[in-house]
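See structure below.
The values are calculated or read from the model by the stated rules, or taken from the named source; none is laboratory data. The structure displayed is predicted, hence computed values, not measured ones. Cβ: placed from backbone, ideal geometry, glycine included. Neighbour counts: every protein chain shown. We work out accessible area using only protein heavy atoms, side chains counted, and drop any ligands, DNA or RNA first. Shrake-Rupley method; radii C 1.70, N 1.55, O 1.52, S 1.80 Å.
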Amino acid sequence: MLDKSKLLYFENFIGLLDEKSKSALLDVIDMNKKELVLTVHKYKISQLTGKDQRWHTYIPADTKRGIKEIKKNTEKEIIDFLIGFYGLGGLTFSELYSEWIKYKETITDSPATIRRHGQHFNKYFVNEKSKLLKMDISKIDKLTLQSECNKLVKKFSMTRKEWQNVKTIINGMFEYALDKHLINENPCDRLKITVKYRQENKKTSKTEVYKDQEYQTILAYLDKMYNETGDYSFLAVKFQFFTGVRVGELVALRWEDVDLNEKTIHVHSEESNQPYRDSLGKWHDRRVVVPHTKTYLDRYVQLLPKALEVLEQIEHRTGFLFTRAGKRITERQVNYVLEKYAERQGTITKSSHKLRKTYASRMKAGGVSLDTIRKDLGHTNILTTDKYIFDVDDEDKVYEKKANAL
């Protein structure tokens, strides 16, 4: 009996044969397909008697009886259906993903990307028991794929960005299949989403930055807590307010990165999450300092007088800038400070990322050029920096400015 891979091989090259040889090979393929099906299919395949002369069988299904009757005009049609149902034909969508993700692991140095792809594939296809999973990839045309993807966008009320995350996986899979000559075209090329994406609410200054009064309040809180505890975590938060560095970069800063003569810090490393799989294939997380930034570009940030004042409060002058009990302060500890502040104030938590936006917004309000702010933040695109700019004035000042403008 021909196995699955050999059947696929012969089906792909059958068009090269003359009619007589083609007919003979088709007979062999059909016979072997039936034998292949019978290795996994436990229900009888037979022709009905009476008026209905069609062929029928049963397949497992989510019904009270646990089975569903299938009828086709010929035995060959039944066999071909079962080949697809059991994934015995060409590579299935599910098998393609497994093969593609293994290949993807060899060409990326980001375990987090591999992990995220797995989470998305399980959520939107495996857990949904998508009909695509068992389909032969060569039988998945644009219309079939388009229908299933539109259903997903609608069911999960996806934003445009969420859909793009899913499409990245599908497109990558089919591009891989195309490069391996398993399919003749990528059905993603002309795929259209016609259902409406979930609307994303526009971000406002109220949630994205620490506005003027809150800014003053939290700085006073950080001073008070540091004076009471001596905990450098509170100084770390202040330092981020005055430099705009990423929180991962903040906790990776060392004294050797500080140039007090030039009044700069050299930002060239960061704390990063490094997912890894154990021997059983289960994912775990570990936080480590890596010798690069998010954009893989280092930079020098000019230290403002208030940032220098923070450094003057730190006693040690070796190792990491911000430590606690002799150990490096982590991203989590910085965000914990902000969470506790919000809890005590009875306000929403604004993460350390909002400190970057606050820094950018206050610099812009102070007349600093957008390109200078871009360099401080470590952005490669000034359009990204522009999205960080919000009004830091309190609402009464905003109203006053509007009134004066009329």
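Scanning segment 363-378 for residues being surrounded by 20 or more Cβ atoms within 10 Å (Cβ to Cβ) and not acidic (Asp, Glu) gives a total of 5.
The helices (runs of 4 or more DSSP H) located wholly in segment 186-250 that include 3 or more residues which are not hydrophobic (A, V, I, L, M, F, W, C) occupy 205-208, 212-229, 232-243. Taking segment 108-129 as the range and being modelled with pLDDT of 90 or more and open to solvent by 100 Å² or more (accessible area, probe 1.4 Å) as the test, the residues that pass are Arg116, Gln119, Asn127, Lys129.
For segment 94-107, indicate whether the set of residues that are within 13 Å of His41 (Cα to Cα) and surrounded by 14 or more Cβ atoms within 10 Å (Cβ to Cβ) is non-empty. Looking through segment 94-107, none of the residues is within 13 Å of His41 (Cα to Cα) and surrounded by 14 or more Cβ atoms within 10 Å (Cβ to Cβ). Those helices (runs of 4 or more DSSP H) of segment 289-406 in which at least 2 residues are in contact (Cβ under 8 Å) with a residue 60 or more places away in the chain and among the β-branched types (Val, Ile, Thr), considering only elements entirely within it, cover 331-345.
Of all residues in segment 267-290, which are under 19 Å from Ile329 (Cβ atoms), surrounded by 11 or more Cβ atoms within 10 Å (Cβ to Cβ) and not polar (S, T, N, Q)? Scanning segment 267-290 gives Val267, His268, Glu270, Glu271, Asp285, Arg287, Val289, Val290.
A Cβ distance below 7 Å, combined with a sequence gap of six or more or placement on separate chains, defines the contacts here; from segment 59-82, residues that are farther than 25 Å from Met31 by Cβ and open to solvent by 80 Å² or more (accessible area, probe 1.4 Å) reach residues that are of a type outside the set (Lys, Arg) and part of a loop (DSSP other than H, G, I, E, B) in the pairs Lys68/Ala61. Scanning segment 288-317 for residues that are of a type in the set (D, E, K, R), closer than 19 Å to Gly248 by Cβ and out of contact with any helix residue (DSSP H, G or I) (no Cβ under 7 Å at 6 or more places or on another chain) yields Lys294, Asp298.
Among the residues of segment 375-391, those that are within 25 Å of the chain's Cα centre (by Cα) and among the charged types (D, E, K, R) comprise Asp386, Lys387.
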